[in-house]
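Contents: one structure, followed by commentary.
Readers should treat all values here as calculations from the given coordinates under stated rules, not as data from a laboratory. None of the values given here were measured: they were computed from a predicted structure. FYI the Cβ positions are ideal-geometry reconstructions off the backbone, even for glycines, and counts take in every protein chain you see.
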Amino acid sequence: RSVFESAPYIPPDLIFEVTKNYLADSDPKKVNVGAGTYRDENGQPWVLPSVRMAKSLIADCGHEYLPIAGLKSFRTGVTELVFHDTNALRNDCIASCQSLSGTGALHLAALALKKANASNGEVYITDPTWSNHELLFESLDFVVHKMPYYKNSAFDFDGYMESLKAAIPGSAIVLHTCAHNPTGCDPSQAQWKEIASVVQDRQLFPIFDSAYLGFNSGSVDADAWALKYFIEECNIEVAVALSFAKSMGLYGERTGMVAFVTRSPELAVNLNSILENVQRATVSSPVAYGSHIVSTVLNNPDIKDQWAKDLVTMSSRIQAMRQKLYDELVRLQTPGDWSPIIRQSGMFGYTGISPTQIKHMQDKYHIYMADTSRISIAGLNDKNVEYFAMAIDSTVR
Ligand code: PMP
């Protein structure tokens with residue numbers, strides 16, 4: 001008898017199946033709008049010119065362990081990038097720790113919250129949300145609550161506020177700083193202000209999931225608006241989970257950072273010690289190569305200028321593809337209202353087509369997308385956008 005006799009089979013996250021099926025398809029017309037990874041105008045992965053420049057400078061960076069909290073110049077560079085001109089930074093009220101990309105940052109944030117006795121073990125996430133939020137927090141023994149987020153092809157502000165006002169005081173709440181995954185619908189600035197006010201009233205602790213800063217609009221500052229509003233205008237303590245997967249195309253390098261904004265510099269010192277403690281217990285020390293790349297980009301003015309251009313290249317290509325897809329659907333007089341595609345922002349579009357239609361797109365047109373009907377706009381380009389629109393058109397008719 002095996003000790004694993006009662007081991008369950010745990011189904012994988014279906015989004016990884018989408019790419020697997022796409023890769024196994026030999027049809028030359030196939031399109032992958034499943035995974036959320038940037039593709040250039042030829043449908044290929046893109047190494048950012050700024051990242052190429054940085055890599056040429058750090059060829060000899062070696063393979064030593066980093067300190068537990070990560071590469072110092074990386075942490076100061078990232079902290080300056082995100083929090084420049086804030087009182088929190090001026091007053092030394094920011095604790096930080098390098099993490100295994102955005103996922104690791106959320107993980108450290110959750111662990112640190114528990115150790116800091118700042119958590120009642122409850123967390124609120126949006127429904128729908130990034131497919132890993134629920135698993136991640138549940139695996140750390142949080143009780144996960146879902147808040148309505150999406151209705152009539154838009155942010156369901158009323159439904160969201162109603163459940164926010166009923167949230168259990170002291171809970172954590174995951175806020176998508178920009179480019180809500182998967183809906184592409186963000187609160188307006190006026191709505192963010194109302195959200196902040198209830199977060200304060202209910203004494204909720206925001207975890208700003210910031211996987212898309214800079215990638216969304218081309219400007220880190222514009223994309224960080226909500227976060228800055230919470231910490232500067234409202235003086236709310238927060239955690240921030242940062243990732244350079246999208247904004248520098250460093251997906252597989254697992255380069256991110258978690259930051260805690262605290263009331264006082266003394267508390268930031270304590271939070272730093274807690275972050276080191278939970279980092280030690282989980283991965284001991286973070287990954288070196290990606291942090292050398294990011295640090296070189298951020299701390300070298302010429303390369304940083306190039307990165308600013310790279311962000312615009314990526315975000316404007318995605319925006320252009322949104323428009324082109326929409327224009328094409330209008331030209332084809334495809335039944336339905338497709339305007340949400342151009343109102344949404346970020347990497348994803350939410351099409352709202354049914355599971356049967358998604359299967360039809362795959363079987364007949366070799367188009368691969370998430371089972372939620374989310375499409376990664378970055379998978380579209382001038383060569384396949386008309387084909388994609390035609391497939392949608394004939395599928396929904
Ligand atoms: N949060 C959200 C909302 C995301 O979309 C992603 C990436 N898909 C992540 C976090 C984490 O990504 P990574 O660990 O690759 O940085």
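Points worth noting:
- Extreme residue, positive dipole direction of the chain, given options Asn277, Thr129, Leu57 (C-beta unit charges): Leu57
- Dimensions (Å) - region 272-348, Cα atoms, principal axes, largest first: 58, 34, 18
- At full extension, Glu134 and Arg52 could sit 26.0 nm farther apart than now, given 0.36 nm per residue minus the alpha carbon distance.
- Size of the chain as Cα extents on the principal axes (Å, biggest first): 62, 61, 53
- MRE, 222 nm, helices only [DSSP H, n ≥ 4, -39500 (n - 2.57), over the chain, to nearest 500]: -13500 deg cm²/dmol
- Two-decimal log10 I(q)/I(0) for region 204-260, as the Debye equation yields it once each C-alpha is a single scatterer, q = 0.21, 0.24 Å⁻¹: -0.79, -0.95
- The length gained by stretching the chain between Glu17 and Tyr229 to full extension, at 0.36 nm per residue less their Cα-Cα distance, is 72.5 nm.
- Equivalent ellipsoid semi-axes - Cα gyration tensor, region 97-189, angstrom: 23, 16, 11
- DSSP beta bridges in region 72-172 [antiparallel fraction, %, rounded to 5]: 20
- Choice from Arg254, Arg343, Arg317 with maximal GNM fluctuation in the chain (Cα, 10 Å cutoff): Arg343
- Positive minus negative residues near His107 (Lys, Arg vs Asp, Glu; Cβ under 15 Å): -1
- Annotation: amide H-H contacts under 5 Å for Tyr150 (H modelled 1.01 Å from N, sequence separation of 5 or more, or interchain): Asp156.
- Based on every Cα atom in region 248-397, Rg and the maximum pairwise Cα distance Dmax equal 21.5, 62 Å.
- Reducing region 1-50 and region 351-392 to their Cα centroids gives an inter-centroid distance of 15 Å.
- Within region 34-109, the ratio Rg/Rh, alpha carbon atoms throughout and Rh by Kirkwood, equals 1.04.
- Of Ser376, Ser73, Ser26, the residue with the greatest mean-square motion in the GNM of the chain, using alpha carbon springs below 10 Å, is Ser26.
- Relative contact order computed over the chain (Cα-Cα under 8 Å; 6+ residues apart), in percent: 28
- Debye intensity ratio in log₁₀ form over the Cα atoms of region 33-178, taken at each q of 0.11, 0.14, 0.18 Å⁻¹: -0.65, -1.00, -1.29
- Scaled against 2.2 N^0.38 Å for its residue count N, the alpha carbon radius of gyration of region 137-186 is 1.23.
- Only Lys, Arg, Asp and Glu carry charge here, each on its Cβ (+1 for the first two, -1 for the last two); on that basis region 198-332 has a dipole of about 400 debye about its Cα centre.
- Here the contact order of region 41-126, divided by its residue count and restricted to Cα pairs under 8 Å and six or more residues apart, works out to 19 percent.
- For region 122-242, the C-alpha radius of gyration sits at 0.98 times the compact-globule guess of 2.2 N^0.38 Å, with N the residue count.
- Highest-fluctuation residue, Asn120, Asn152, Asn299 considered, GNM on the chain with Cα pairs under 10 Å: Asn152
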